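A.B. asks: Here it is: the structure, laid out below.
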Amino acid sequence: MKKYMFVLCLLGMFPAFGAEEYGYRKESSQYIDTRSVETPRKATKTSRRTGNYSNTITNNVYYTQSVQPANNARVYRDEPRVVYEKPVKQKKSVVQTKQARTSTERKYFLAHPFFQPLKGRFGSVTDFSYAKNSFKANVLSGSFRDMDFDPTSSYMEYVPESGVIGLNGKVNLSQFLVKEDFSFGLSDTLSLMLMAQYDITRTKFTDWTGDYFNVSGRNSGLRVFGIGLQNRFIDTDKWIAMFSGSFQHQKDEANTLMFEGKAGYKVDRTTIYGLARLGYSNLTDGEAYGVRVDYSIGDILAFTYKQDVKDIIYAEAGAGVFSVLNKYTYLGGELVLGHYDWHNQVNIKGNIGIQPNEFFALNLYASTALYDSAKGKIKRYMMYDVYPDPVEDADHPGTYLTNPASSLAFIEGNYKMDSYKEWKIGVQAILYF
């Protein structure tokens, strides 16, 4: 008897931390008061103030300035010195000097796709999300094997003369998950990433003809763990790029290697970027994956995406934009074309958020599939049926395709997918300390 394993959430990813120079900076202006030396014949007094404050956003760095700041996030410069000349009763000047005070305030935009913690600092992204995909399935054929009387017997393929078995319904998969991504800055450009995920997954087969396949199931647990490295190897006035690699273990299901590269161009308050991702998964407990429900009485029903497989490969390529609106708010979006082993998809994602201070941000996001090639694909379904009901031949009433006395039957056949839909919404609480 074959053993089947079903991967329910293989394609989870580390959200990227990013560039250090994407923050808010405020520099105080210099105040200079210069007076001329008085003489017995003529006294003059002049006063000048320099300032010209302006609120601007350059390379997603929000700042108030009086002079053009350096492009690097950390600004080092000599403090300006202001000279005060005071007259004295004697006919010579006493020169006094004071250090002008300069203050700098900077706030990183934590949700920026290129943000990552600086050396010795920590980043945390706690993600609460709800995702759902669904499709309609039409059963095209069926093969029966009586496992009770003759487990080695060959299949009996059944395709009715009408060409339609008459079984159809909906397959629904929903998931609520809590995902924690934690990162630590090994240097200003290299960070260590750790990840864990808890999820509650519900599977429902509904609206099936004659209630034959109507069933639901639920499972939950802390099931995904990961570790990785991320390097921001380019960060100039106009360009920024980073690369990351990670390993994820999905309990009792798969081990996954993932790689991601991103490169962006900075235009004032906006970063426009491209991205590419590549993933490889090795199934650790079976040779098939898809949507599965275990009945309480021992039955198993599954609509598989792929069978007789041990490895899964997926790839993504796309473009995105991130723009700072003001000191506290931002928005972004991505358009991604993906190949996911058995189907292709075009997905769009948008996010908007607020960041009241340097250490905390709240990010809202949503995504949906604009196009998916799954519609119309023909895949395999399978069922272990304990004490099966006799299956009657639709073309020959009174004729049964299974032994009425059987205690276990294996049923397998083709189904056709229709009306495939997929979407996700979530909120992220981001901390930097």
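A.B. asks: Please specify each residue of segment 319-364 satisfying the condition of being of a type in the set (D, E, K, R) and in contact (Cβ under 8 Å) with a residue 40 or more places away in the chain.
C.D. replies: Matches in segment 319-364: 327, 334, 358.
A.B. asks: Looking only at segment 352-369, count how many residues are in contact with a Gly (Cβ under 7 Å, 6 or more places away or on another chain) and either open to solvent by less than 30 Å² (accessible area, probe 1.4 Å) or at pLDDT below 95 (or both).
C.D. replies: Within segment 352-369, residues that are in contact with a Gly (Cβ under 7 Å, 6 or more places away or on another chain) and either open to solvent by less than 30 Å² (accessible area, probe 1.4 Å) or at pLDDT below 95 (or both) number 3.
A.B. asks: Suppose we filter segment 213-225 for residues that are crowded, with 16+ Cβ neighbours inside 10 Å, farther than 18 Å from residue 182 by Cβ and not small (Gly, Ala, Ser); how many remain?
C.D. replies: The total comes to 2.
A.B. asks: Output the number of residues of segment 282-301 satisfying the condition of being in contact with a Lys or Arg (Cβ under 9 Å, 6 or more places away or on another chain) and in a strand (DSSP E or B).
C.D. replies: 8
A.B. asks: Take the residues in segment 291-336 that are small (Gly, Ala, Ser) and modelled with pLDDT of 95 or more; name whichever of them is farthest from residue 254 (Cα to Cα).
C.D. replies: 323
A.B. asks: Filter segment 305-334 down to residues that are exposed (fewer than 15 other Cβ atoms within 10 Å of the Cβ) and not in a strand (DSSP E or B), then give me how many there are.
C.D. replies: 4
A.B. asks: Moving on. Filter segment 89-145 for residues that are open to solvent by less than 70 Å² (accessible area, probe 1.4 Å), of a type in the set (Lys, Arg) and under 30 Å from residue 328 (Cβ atoms); which is modelled with the lowest pLDDT?
C.D. replies: This residue is 106.
A.B. asks: Oh, and also: Identify, by number, the condition in (1) over 18 Å from the mean Cα position of the chain (by Cα); (2) under 20 Å from residue 295 (Cα atoms) that residue 174 doesn't meet.
C.D. replies: (1)
A.B. asks: Looking at segment 282-301, which of its residues are surrounded by fewer than 17 Cβ atoms within 10 Å (Cβ to Cβ), within 22 Å of residue 343 (Cα to Cα) and among the charged types (D, E, K, R)?
C.D. replies: Selection gives 287 alone.
Yes or no, residue by residue, for (1) closer than 18 Å to residue 383 by Cα; (2) part of a strand (DSSP E or B); (3) aromatic (Phe, Trp, Tyr); (4) open to solvent by 10 Å² or more (accessible area, probe 1.4 Å):
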position: 227; (1), (2), (3), (4): no, yes, no, yes
position: 261; (1), (2), (3), (4): no, yes, no, yes
position: 271; (1), (2), (3), (4): no, yes, no, no
position: 280; (1), (2), (3), (4): no, yes, yes, yes
position: 303; (1), (2), (3), (4): yes, yes, yes, no
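Condition check ((1) within 28 Å of residue 179 (Cα to Cα); (2) modelled with pLDDT of 95 or more; (3) among the hydrophobic types (A, V, I, L, M, F, W, C)) across all residues:
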{"residue": "209", "(1), (2), (3)": "no, no, no"}
{"residue": "227", "(1), (2), (3)": "yes, yes, yes"}
{"residue": "247", "(1), (2), (3)": "yes, yes, yes"}
{"residue": "262", "(1), (2), (3)": "yes, yes, no"}
{"residue": "275", "(1), (2), (3)": "yes, yes, yes"}
{"residue": "287", "(1), (2), (3)": "yes, no, no"}
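A.B. asks: Are any of the residues in segment 236-255 part of a strand (DSSP E or B), closer than 21 Å to residue 111 by Cα and open to solvent by 40 Å² or more (accessible area, probe 1.4 Å)?
C.D. replies: Yes, there is a match, as at least one residue in segment 236-255 is part of a strand (DSSP E or B), closer than 21 Å to residue 111 by Cα and open to solvent by 40 Å² or more (accessible area, probe 1.4 Å).
A.B. asks: Kindly indicate the residue of segment 370-409 that is modelled with pLDDT of 90 or more and open to solvent by 70 Å² or more (accessible area, probe 1.4 Å) and also farthest from residue 331 (Cα to Cα) among those meeting that condition.
C.D. replies: Looking at the filtered set, the residue picked out is 380.
The values are calculated or read from the model by the stated rules, or taken from the named source; none is laboratory data. Just so we're clear, the structure is a prediction, and the values are computed from it rather than from any experiment. No Cβ is skipped: glycine too gets one built from the backbone with ideal geometry, and neighbour counts run over all protein chains shown. Protein only, heavy atoms only, side chains kept; ligands, DNA and RNA dropped before computing areas. Shrake-Rupley method; radii C 1.70, N 1.55, O 1.52, S 1.80 Å.
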